[in-house]
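First up is the structure itself, then whatever we jot down about it.
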Amino acid sequence: MVIKVKVKKWGNSIGIILPKELVKKEDLKENDEIRINLVYDADLSNVYGSLKGKLKKSGQKLKDEARKGWN
């Protein structure tokens, strides 16, 4: 399950708050130990549009060619 939470300051530390639905679904209790796998959101804003004018074929034509062997 992937959820998105914000890290917040908590005294001299930082912490996260788990959504109630997740706590209930996973039957989490106080003092349970869990593992957290961090996945950062990628900033692709500089990529969008960077290939415009550099490709000889449209995106649709490239998709059509890729799909030819799917049948």
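Coordinate-derived values only; no laboratory data. This is a predicted model, so every value here is computed, not measured. Virtual Cβ from ideal backbone geometry, glycine too; neighbours counted across all protein chains shown.
Once both labels are positioned 7 Å from their Cα atoms along Cα-to-Cβ, the gap between LYS56 and GLU30 label points is 6.8 nm.
Counting only helical runs of four or more DSSP H residues, what would the 222 nm mean residue ellipticity of the chain come to if each run contributes -39,500 (n - 2.57) and the total is spread over all its residues? Value at 222 nm, helices only: -5500 deg cm²/dmol.
Stretching the chain fully between TRP10 and ASP43 yields a gain of 9.2 nm (0.36 nm per residue, less the alpha carbon separation).
Identify which of the listed values of log10 I(q)/I(0) by the Debye sum over Cα atoms at q = 0.12, 0.16, 0.17, 0.23 Å⁻¹ was calculated from the structure shown: (1) -0.66, -0.78, -0.81, -1.18; (2) -0.35, -0.61, -0.68, -1.07; (3) -0.45, -0.65, -0.70, -0.97. Comparing each candidate, only (1) matches the computed number.
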